[in-house]
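The values are calculated or read from the model by the stated rules, or taken from the named source; none is laboratory data. Because the structure is a prediction, the values reported are computed rather than measured. Cβ placement follows ideal geometry from the backbone for every residue including glycine, while neighbour counts extend to all protein chains displayed. The protein model used for the area step is the full one, side chains on, heavy atoms only, and it has no ligands, DNA or RNA in it. Shrake-Rupley method; radii C 1.70, N 1.55, O 1.52, S 1.80 Å.
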Amino acid sequence: MTSTADSPAPDVDAGDGPIVSVRDLERTYRGGVHALRGVSLDVPRGRRFGIVGESGSGKSTLVRLLAALDRPTAGTVTFEGQRIDDRRESELGFLRRRLQIVFQDPMGSLDPRMRVRDIISEPLGRTRDRDGRVAELLDAVGLPADAGAQYPHRFSGGQRQRISIARALAPRPEVLIADEAVSALDVLVRKQILELLTRLVDEYALTLVFVSHDLGVVRKMCEEVVVMRRGEIVEHGPVDEVYDAPRHDYTRELIAAAPTLHGALRGSARPEPPER
Amino acid sequence: MRGNLVVGAALVGLVVVTALVSLLWTPLDPQAVDASVRLLGPTPEHLLGTDKFGRDVFSQLMVGAQTTLYVGIIAVGLAAAVGVPLGVLAAMGPRWLGELVMRTSDLVLAFPALLLAIMLAAVYGASTLTAMIAIGVATVPAFARVARAGTLQVLSREYTLAARAGGRSRWWIAWRHVLPNISGMVVVQASVSFAMAVLAEAALSFLGFGTAPPTPSWGRMLQESQELLAVDARLALVPGLAIAAVVLGFNLLGDGLRDRFDPRLEARR
Amino acid sequence: MSERARPQGHLGGVECNQSAPGGTGAAALLSVDGLSITHGETALVDDVSFRIAPGERVGLIGASGSGKSLTASAIMGLLPDGLSASGSVTLRGQQLLGGSERELSRLRGKDIGMVFQEPMTALNPAMRIGRQVAEALTIHGTSRRRATDRARELLDRVGLPERTARAYPHELSGGQRQRVLLTIALANDPALLICDEPTTALDVTVQAQVLDLVAEGVRDRGSALLFITHDLAVIASVCERVLVCCDGRIVEEGPVATVLSEPGHDYTRRLLEAAL
């Protein structure tokens, strides 16, 4: 589409600088809800980058802004040095192919009226070998070749997430955003999908932005993490450091609140709550 | 579920076939007045008897099916063709446009359809066409509302976000995601509106603002039979049952089609 | 149901055909014996047996579709249409399965309380919270005036501010609604509390608070607990004993610490591996 967009901007050292960069991002919704209050972060190319926060933390708003699906009230979002926050839809073609999202809801993220092959090829635009690409993608996410002819309702939650991942990979993106992509899944299915994501990120050398309310999952998937609360980043660092030596009270609270098997087995969890 | 579709299609099909046949052939001239055979009961010559002018009721019924279908198809077609795009636009376009569409449709809803029909009839003369246009215009808001609500629902789904993230335009989303997903609601609305249009035409004909005599219409047959109800209920019963059958038929067809075209319900069939 | 087209699900290949013996001894509060739930020819729950002693906290764990929620529904007499149950479910010796709606409704909310997963839909949106809690009491014979006072008291006990009684459900957060549901479920000091994934839809920090309240609520009343979830860590932090449910059967049961440290069944081992 916009051929100029594909060439790197002059002020950026392509390949070295952050692939996605956010500066002083604010987003206020109608009615005065401050979803984001000045967020800045850099996602280095090839990094597995985690964003942790509970509901109301602004992480979903941030995802939309990273993907230019919404406009900030203030601040900038750049992709390889190019502003994407102030562009019209028609100027975003380059981003649409290079940054893709896997959404949370395995039911709501697939159009029930479309066959799987049409869903997967939706981001492809005009391609010569659509069927070949769909078959390739189905194989990559571990779905049988005949899945393409089916409608999404025939698939389980985990399989739908595989379809969602195949769609995201279709245009051969460089950045993959997983927005709570495993939150609605059972533990065993979650494990499979996490393994699949890990494998694909390695195989295609993707930059992964993994968004979750679950610090445990982020720890498993990511190298670097930001912790968000009420529209702000409260902590940022290498994931093990943040997990093992949290500096912010809220991070500590998050870690303590998440029940873990090890904690429970050590007997430190809460079989006996404090007396009132 | 399949039963609905079959019965609905059969009833509607019967009306359609009747209307088509009546274009070429009716047992007798439906408009032929014959004072010597007034108010006859069913006879081999007059299968459903005759009315107070001695016209053949069966032939009138057949030709009346044409009027019913005209009214339904034109009125509902007009309402859907205008209402659905307006509703989708109201949901997907800029906010001011949505407001404008919805406030205007409030206005139309508040304006009595009957008054509109009477005004049109006063200007252009009472005819089936003015009745259809009046009914159609009055039904536009129903489609606009259904389409807007459905569109907003579809837009709240993540697959439309995914489509945008995949670089697809608003038009693509409206065409590939919104329309297929609201089609069920629109079809149901159409069947309900069709039934209402048939009834409205009957009411307008009753008041003298609809189909002008001598063109046979089920609504007018019903109206003409009013004064004779005590004498011969048959004259009211025949068009009444015909109207009930076509209304039921379209309702069943609407339900059946909705189920048929919804892949999510496939498992239950 | 239509035939599942995809053979992908590894779950389908799980071998969980060895049935664990049920029961822990005499004086059971709840006895489930040979409970089977069928949909036409298909067995969704197959010959499940277990007992819960008074005051005992039991966890029921399994993936979605394992039949764990159906088991709870069968105990409450709330099976969806088209499903039929056979076997025996007794509470203090009284047969619940096949009991009349009148008998069951006398038990529900009084001897057995239940908290559902979805806190959004389980409350009447058009009724003030205080009245909904009070109604749980008046249904089972408390006078209206006493019930109103008691409702305020109970809401206070789960840490909800006083104005909550006058609020409507939509004015509350998910966690607050779940507290209200817990209050209603515990209003009549039931002998058994059943929780069906009560914290799945909640944030981690809120989940921790609700889990504390559940544990505290049953302990204060001496109620037994049947806690259904797919999250081992949650069970480990709330329950003493665990039942592992797979493909409609109970494949393993025992004290939480034993089952989690020395799992006897392959399925349990896989659940443990998938846990974070």
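Observations, loosely collected:
- 3J(HN,Hα) from dihedral phi, segment C:258-267, Karplus parametrisation 6.51/-1.76/1.60, rounded to Hz, x for glycine, proline: 5, 4, 7, 8, 10, x, x, 10, 4, 5
- Folded to 0 to 90 degrees: helix B:234-261 orientation relative to chain B principal axis, Cα: 20
- Cα shape, segment C:76-229, gyration tensor, a/c 1.5 rule: prolate
- Here the sum of -39500 (n - 2.57) over DSSP H runs of 4 or more residues, divided by the residues of the protein assembly as shown, equals -14500 deg cm²/dmol at 222 nm, to the nearest 500.
- Exposed loop sites, defined as GluC sites (Glu not before Pro) outside DSSP H, G, I, E and B with at most 15 other Cβ atoms within 10 Å, are absent from the longest region of chain A, namely A:1-222.
- Counting only DSSP beta bridges with both residues in the protein assembly as shown, the antiparallel share comes to about 55 percent.
- Segment C:38-113 and segment A:147-192 have Cα centres separated by 34 Å.
- Across q = 0.10, 0.12, 0.14 Å⁻¹, chain B modelled as identical point scatterers on its alpha-carbon atoms has Debye log10 I(q)/I(0) values of -0.60, -0.80, -0.99, in the order of the q list.
- Computed over chain C, Kirkwood Rh from alpha-carbon pairs, angstrom: 19.4
- Working from label points 7 Å from Cα in the Cα-to-Cβ sense, the B:Ser127 to B:Leu20 distance is 2.7 nm.
- Taking every DSSP beta bridge that has both ends in chain A, the antiparallel portion is near 55%.
- Summarising the label geometry, the points placed 7 Å from Cα in the beta-carbon direction at C:Gln95 and B:Ser156 lie 4.6 nm from one another.
- Computed from the alpha carbon positions, the gyration tensor of segment A:118-276 leads to an equivalent ellipsoid with semi-axes of 36, 19, 12 Å, biggest first.
- Segment A:73-117-segment A:231-246 distance, computed between alpha-carbon centres (Å): 27
- Remark: C-alpha extents of segment A:25-87 on the principal axes read 37, 28, 18 Å, sorted largest to smallest.
- Heavy-atom accessible area buried between chains B and A is around 2400 Å² (1.4 Å probe, both sides summed).
- Once the gyration tensor of the Cα atoms in the protein assembly as shown is diagonalised, the equivalent ellipsoid follows with semi-axes of 56, 38, 26 Å, ordered largest first.
- On a per residue basis, the convex hull of the C-alpha atoms belonging to segment B:12-97 measures out at 124 Å³.
- Relative contact order (percent, whole number), chain C, Cα cutoff 8 Å, 6+ residue spacing: 26
- Two-decimal ratio, segment C:61-151, of alpha-carbon radius of gyration to 2.2 N^0.38 Å: 1.26
- DSSP-assigned coil residues among GluC sites (Glu not before Pro) in segment C:21-111, each with at most 14 further Cβ atoms within 10 Å: C:Glu41
- Computed over segment B:100-201, Cα set: Rg, Dmax in Å: 17.3, 54
- Local charge for A:Ala35 was computed over the other residues whose Cβ lies under 15 Å away, with Lys and Arg +1 and Asp and Glu -1, and equals +1.
- Near B:Thr68: Cβ cut-off under 13 Å, other residues only, Lys/Arg at +1 and Asp/Glu at -1. The net charge is 0.
- Two-site label geometry, B:Val7 and B:Leu97: point separation in nm, points 7 Å out along Cα→Cβ: 4.3
- Couplings 3J(HN,Hα) of segment B:89-106, computed from phi: 4, 4, 7, 9, x, x, 4, 4, 5, x, 4, 4, 4, 5, 5, 4, 5, 4 Hz, in residue order, whole Hz [Karplus 6.51 cos²θ - 1.76 cosθ + 1.60, θ = phi - 60°; x for Gly and Pro].
- Gyration tensor verdict on segment C:51-113 (Cα atoms; rounded if a/c is under 1.5, prolate if a/b is larger than b/c, oblate otherwise): oblate
- Mean separation of Cα pairs under 8 Å and 6 or more residues apart, divided by the residue count, gives segment B:15-109 a relative contact order of 23 percent.
- Gyration tensor (alpha-carbon) shape descriptor, chain A, a/c threshold 1.5: oblate
- Gap separating the Cα centres of segment B:53-98 and segment C:183-203, nearest whole Å: 53
- Applying both filters, DSSP loop and at most 16 other Cβ atoms within 10 Å, to the trypsin sites (Lys or Arg not before Pro) of segment B:1-102 gives B:Arg38, B:Lys52.
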